[in-house]
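Below is a structure I'd like to ask you about.
Please treat every number below as a calculation from the coordinates, not as lab data. The structure displayed is predicted, hence computed values, not measured ones. Reconstructed Cβ throughout: ideal geometry from the backbone, glycine too, with neighbour counts over all protein chains shown.
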Amino acid sequence: MDRDSSHSTLQQRFGRPGGPRRTDRKSTGFGRLLIVVYWVFSLSAGVRSLYQLATEFSAAPLAILLSTLSAAIYVLATVALSKTGPRWHRVATLAVGAELVGVLGVGLLSVLRPDLFPKASVWSEFGAGYGYIPLVLPVVGLVWLWLTRPSHAGR
C-alpha cells in the first residue's frame, strides 16, 4: 500500500485530523490568541470569585459579586469568540462590549468610592491587579470583532 492510499484509509477510518477546517477569520490566527487570553481570564476570574464567594463574601459582597459577573462575561466571550456564524459574532460583540462597560464603570467607581471595595474585584481600579489587561482586552477584542465582522450579503 502506498503512502497516499494509507493516508486516505486512515482519514476514512478516523476522520480528518483536528476536525473540520475553520473558515472564519474570527477564531483563526490572532483570534485564537484572543480566545486563549479570554480563556485564561475566565479561569482566573472564575476561580478567584468562587474562592471569595466561599470564604470572604461577607467582607466585600459588592466586589465579589462584580468579580463573579466579570468571570461570567469572560466565559461568555470565550465561548462566543470560539464559535462561528453571525449570531455568535453578535454575542461576542455584546459580551466584550459589556466587559468594556463593566471595567470602565467598576474602575471609576472603585477609584471614586474605594470604601465600596475593601477587597479588589477583577475590574477594580481598571484592572490594576491584573496589569490593566482587563482594560486593554475589551478594546482589542472589539477592534478584532469589527475587523472580522461577517460580510453582509447586500453590500
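So, R0 is 22 Å and r is the distance between the beta-carbons of L62 and V36; what FRET efficiency does that work out to, to 0.05?
So the FRET efficiency works out to roughly 0.15.
So, one more: Convert each backbone phi in the stretch 64-80 into a coupling constant with the Karplus relation 6.51 cos²θ - 1.76 cosθ + 1.60 (shift: θ = phi - 60°), then list the ³J(HN,Hα) values in order as whole Hz, x for Gly and Pro.
After applying 6.51 cos²θ - 1.76 cosθ + 1.60, I find 6, 5, 5, 5, 5, 4, 4, 4, 5, 5, 4, 5, 4, 4, 4, 5, 5 Hz.
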